[in-house]
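Q: Sharing a structure, written as structure tokens. Questions coming.
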Amino acid sequence: MGELKKWREEKWVRIGLDGSIKGACGTSKNKKNPDRCLPLAKAKSMTKAERAKTARKKKAAGRKGKTVVANTKAGRVTKKFTKR
């Protein structure tokens, strides 16, 4: 199975600035500066504070015009959290 297909089959969720899981990825009302998205398994493995930190980092960089923002160390997605 291709890597893109594996990625599409993962359940990605939006992370709010308060660290809560807000719903499916791609449903953010702010299209110019969207929320951080993570696979559900990764999001659940992080604490609420860690999720909030990575979401704040994405929003802050988005206000400066950046569209691609690296995750925090705790938010990096590894193969452990992806389907094989």
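Q: Taking amide H positions as placed 1.01 Å from N in the peptide plane, with prolines and chain starts having none, which residues 5 or more places from Val13, or on another chain, fall under 5 Å of its amide H?
A: Amide H neighbours of Val13, under 5 Å, 5+ apart: Cys25, Leu38, Leu40.
Q: Using a probe radius of 1.4 Å on heavy atoms only, what accessible surface per residue do you get for the chain? Whole Å² is fine.
A: On a per-residue basis, the chain sits at 70 Å².
Q: Another one. Measure nothing but the geometry: give the 0 to 90° angle between the long axis through the Cα atoms of 48-63 and the longest principal axis through the Cα atoms of the chain, rounded to 10°.
A: 60
Q: Using a 1.4 Å probe on the protein heavy atoms, what percent of the accessible area of the chain belongs to carbon and sulfur?
A: Heavy-atom surface of the chain belonging to carbon and sulfur, 1.4 Å probe: 55 percent.
Q: Modelling each spin label as a point 7 Å along the Cα-to-Cβ direction, I'd like the Ala70/Trp12 distance in nm, to one decimal.
A: According to this spin-label approximation, the distance is 2.0 nm.
Q: So what are the ³J(HN,Hα) numbers for segment 32-44, from phi and the Karplus equation (6.51, -1.76, 1.60; θ = phi - 60°), rounded to whole Hz, Gly and Pro as x?
A: For segment 32-44, the Karplus curve yields 7, 9, x, 6, 5, 10, 9, x, 4, 4, 5, 4, 6 Hz.
Q: Looking at this model, which pairs from Lys42/Lys66; Lys5/Lys53; Lys31/Lys58; Lys32/Lys66; Lys58/Lys79; Lys29/Lys73 are more than 20 angstrom apart at the alpha-carbon?
A: Lys42/Lys66; Lys5/Lys53; Lys58/Lys79; Lys29/Lys73
The values are calculated or read from the model by the stated rules, or taken from the named source; none is laboratory data. No experiment lies behind these values; they were computed from the predicted model shown. So basically every Cβ, Gly included, is an ideal-geometry build from the backbone, and we count neighbours across all protein chains shown. For the accessible areas, the whole protein counts, side chains as well, though only heavy atoms, and no ligand, DNA or RNA atoms are used. Shrake-Rupley method; radii C 1.70, N 1.55, O 1.52, S 1.80 Å.
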